[in-house]
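Participant: If you scroll down you'll find the structure; I have some questions about it.
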Amino acid sequence: MRLVKFVVIGGAGFIGSHLVNYLIEQNHSVTIVDNLHSGNLSNLNVVKSEIEFFENDIRDLSSLRKILKDSDGIFHEAALTVVQDSYVKEKEYYDVNVTGTDNILKLAKEFGIRVVFASSSSVYGNPKKVPIPEDAERKPLNPYGMTKLEDEYLAEKYAKLGVEAIGLRYFNVYGEGQNEAYAGVITKFLKRIEKQDAPIIYGDGSQTRDFVYVGDVAKANLLAMKSNVKNSFINVGTGVGISIKDLAYMIIDSSGLKMKPIFKKALKGDVKESRADITLSHKLLGWKAKVKLREWLEKR
Ligand SMILES: NC(=O)c1ccc[n+]([C@@H]2O[C@H](COP(=O)([O-])OP(=O)(O)OC[C@H]3O[C@@H](n4cnc5c(N)ncnc54)[C@H](O)[C@@H]3O)[C@@H](O)[C@H]2O)c1
């Protein structure tokens, strides 16, 4: 029998759908809210007979209220997520990512529901040191990162009102099922390689990222929900930094093709170095990423 009723907001998206699949596997009851902006119902094919799905927008408080009221825990994965887009659609990014999160926290307070929400390593901007500990200064470089920081401020505000909300600061998440238009660098490189096109690197490729597998991220979410932690921001990364140039060659090598990446002008608001300090996730959640990028690339 399924006893715990979770709502996954943004559950048709890349990370959200992996989380839904994992929760169902763990025998939980799952309701999903998503407006299908970048998410897709095909991400939920395997579990479609076992879930309840609501096509709703997180900016619509009254419809959310009806869905959330009986839930035992909320996972909030919905957002607009494309850094370069966030410069041109600043207001829309703010509305969805900040007003939407405010609605969710408001209802969490009203019904006394615990929340685990997706924050991001982008709140750190260019860190003074790596690996980045959670108490590092928060100084996002772009409007998207600013919305994620605003979400953390909201979580701090609601914590004072008794809401339990944990913000997981995901680093660069990769894995199966990313929407190409909204995808991260690994999916973009893989899509080009499939067409035998060379990966495109913006900048000199020395910028580093901490790539964490989406299945590991799903597990971190459930551990956070079940933990005794009431309010915290926790890094979700591997602790390993890989340069974009090394990543490009790793993907080229794993494909067996012989080619060189193409270099283009650096993007605005692109972080130079990113690597998680993983001490806190281990201490508070007993979580460590298991999947290694190179092994995943070779197996796929
Ligand atoms: N993918 C990463 O590397 C990464 C890194 C750090 C943080 N994050 C955060 O993780 C979360 C999930 O990201 P993702 O990569 O799965 O992105 P995604 O675009 O695949 O998923 C986001 C989901 O939110 C839904 N959504 C968007 N606007 C909505 C609205 N107004 N109402 C209801 N649903 C809405 C989309 O349809 C989609 O299903 C986001 O909060 C993102 O900021 C992702």
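Only the coordinates and a few stated rules stand behind these numbers; no lab work does. These numbers were taken from a predicted model, which means no experiment stands behind them. FYI the Cβ positions are ideal-geometry reconstructions off the backbone, even for glycines, and counts take in every protein chain you see.
Participant: How far, in nm, would the chain grow between L161 and N231 when pulled straight, counting 0.36 nm per residue and subtracting the alpha carbon separation? If you can, show how the numbers build up before the last one.
Facilitator: Numbers: separation 70, 0.36 × 70 = 25.20 nm, distance 1.16 nm.
Full-extension gain reported as 24.0 nm.
Participant: Right, something else. Can you list the trypsin sites (Lys or Arg not before Pro) in the stretch 134-198 that are in a DSSP coil and have 11 or fewer other beta carbons within 10 angstrom? Don't skip to the end; give the middle numbers.
Facilitator: Numbers: sites: R138, K148, K157, K160, R169, K188, K191, R192, K195; in loops: R138, K195.
Taking the stretch 134-198 and a limit of 11 other Cβ atoms within 10 Å, the loop trypsin sites (Lys or Arg not before Pro) found are K195.
Participant: Could you give the length gained by full extension between N126 and E52, i.e. 0.36 nm per residue of separation minus their alpha carbon distance, to one decimal place? Display every interim value, and only then the final one.
Facilitator: Numbers: separation 74, 0.36 × 74 = 26.64 nm, distance 4.03 nm.
Difference between extended and current length: 22.6 nm.
Participant: Which log10 I(q)/I(0) values does the stretch 72-132 give at q = 0.18 Å⁻¹ under the Debye formula, counting every alpha carbon as one identical point scatterer?
Facilitator: -0.77
Participant: Another question, if that's okay. If you take the C-alpha gyration tensor of the stretch 1-126, multiply each eigenvalue by 5 and take the square root, what semi-axes do you get, largest first, in whole Å?
Facilitator: Numbers: eigenvalues 112, 58, 36 Å².
Output for the stretch 1-126: semi-axes of 24, 17, 13 Å.
Participant: Using 0.36 nm per residue of separation minus the Cα-Cα distance, give me the extension gain between Q26 and E298 in nm, one decimal. List each step's numbers first, then the result.
Facilitator: Details: separation 272, 0.36 × 272 = 97.92 nm, distance 2.77 nm.
Stretched fully, the Q26-E298 segment lengthens by 95.1 nm.
Participant: How far is helix 100-111 tilted, in degrees, relative to the longest principal axis of the Cα atoms in the chain, given as a value from 0 to 90 rounded to the nearest 10?
Facilitator: 30 degrees
Participant: Computed on alpha carbon atoms, what radius of gyration and Dmax characterise the chain, expressed in Å?
Facilitator: Reported Rg and Dmax, both Å: 18.5, 58.
Participant: Still on this structure: What's the angle, to the nearest 10 degrees (0 to 90), between helix 185-194's Cα axis and the longest principal axis of the chain?
Facilitator: That works out to roughly 50 degrees.
Participant: I would also like to ask the following. So for E152, E92, fewest C-beta neighbours within 10 Å to most, what's the order? Kindly include the intermediate steps, with their values, before the conclusion.
Facilitator: Values: E152 19, E92 12.
Exposure proxy ranking, most exposed first: E92, E152.
Participant: With each label point set 7 Å from Cα along the Cα-Cβ vector, what nm distance links A181 and R65?
Facilitator: Label at A181, label at R65, 3.3 nm between them.
Participant: V173's amide H: which non-local residues (gap 5+, or another chain) put their own amide H closer than 5 Å, with H modeled 1.01 Å from N in plane and none for Pro or chain starts?
Facilitator: Here V212 satisfy the definition.
Participant: Can you compute the helix-only [θ] at 222 nm over the chain? Use -39500 (n - 2.57) per DSSP H run of at least 4 residues, normalise by all residues, nearest 500 deg cm²/dmol.
Facilitator: On the way: 10 runs with 103 residues, N = 300.
Only helices count here, giving -10000 deg cm²/dmol.
Participant: Right, next: Pairs K129/K157; K106/K230; K5/K219; K66/K109; K219/K292; K139/K290: which are spaced more than 19 Å apart, C-alpha to C-alpha? Write out the running numbers ahead of the final one.
Facilitator: Details: K129/K157 28 Å; K106/K230 17 Å; K5/K219 17 Å; K66/K109 14 Å; K219/K292 15 Å; K139/K290 29 Å.
The pairs that break the limit, which is 19 Å between Cα atoms, are K129/K157; K139/K290.
Participant: With only alpha-carbon atoms counted, please give the Rg and Dmax of the stretch 204-282, in Å.
Facilitator: 16.3, 51
Participant: Using every alpha carbon pair in the stretch 1-53, what percent of pairs falls into each 10 Å bin from 0 up to the bin containing the largest distance?
Facilitator: With 10 Å bins starting at 0, P(r) equals 29, 60, 10, 0.
Participant: Ignoring solvent entirely, what values of log10 I(q)/I(0) come out of the Debye formula for the stretch 200-250 at 0.21, 0.28, 0.32 Å⁻¹ when each Cα is a single scatterer?
Facilitator: One equal scatterer on each Cα of the stretch 200-250 leads to -0.79, -1.06, -1.19.
Participant: So, one more: Listing R209, R300 from the residue with the fewest other Cβ atoms within 10 Å to the one with the most, what is the order? Before the final figure, lay out each step's value.
Facilitator: Numbers: R209 23, R300 9.
Least to most surrounded, the residues fall as R300, R209.
Participant: If you don't mind, another one. Spelling out what I want: for every residue of the stretch 45-56, take phi, set θ = phi - 60°, compute 6.51 cos²θ - 1.76 cosθ + 1.60 (Karplus), and round to whole Hz; glycine and proline get x.
Facilitator: 3, 5, 10, 4, 7, 10, 10, 10, 10, 10, 7, 9
Participant: Still on this structure, please answer the following. Within a 10 angstrom radius of the beta carbon, how do L161, L64, L23 rank from fewest other beta carbons to most? Don't skip to the answer; put the middle values down first.
Facilitator: Values: L161 10, L64 23, L23 26.
By the 10 Å Cβ count, ascending, the order reads L161, L64, L23.
Participant: From the P(r) of the stretch 156-300, can you give the percent of Cα pairs sitting at distances over 17 Å?
Facilitator: 64 percent
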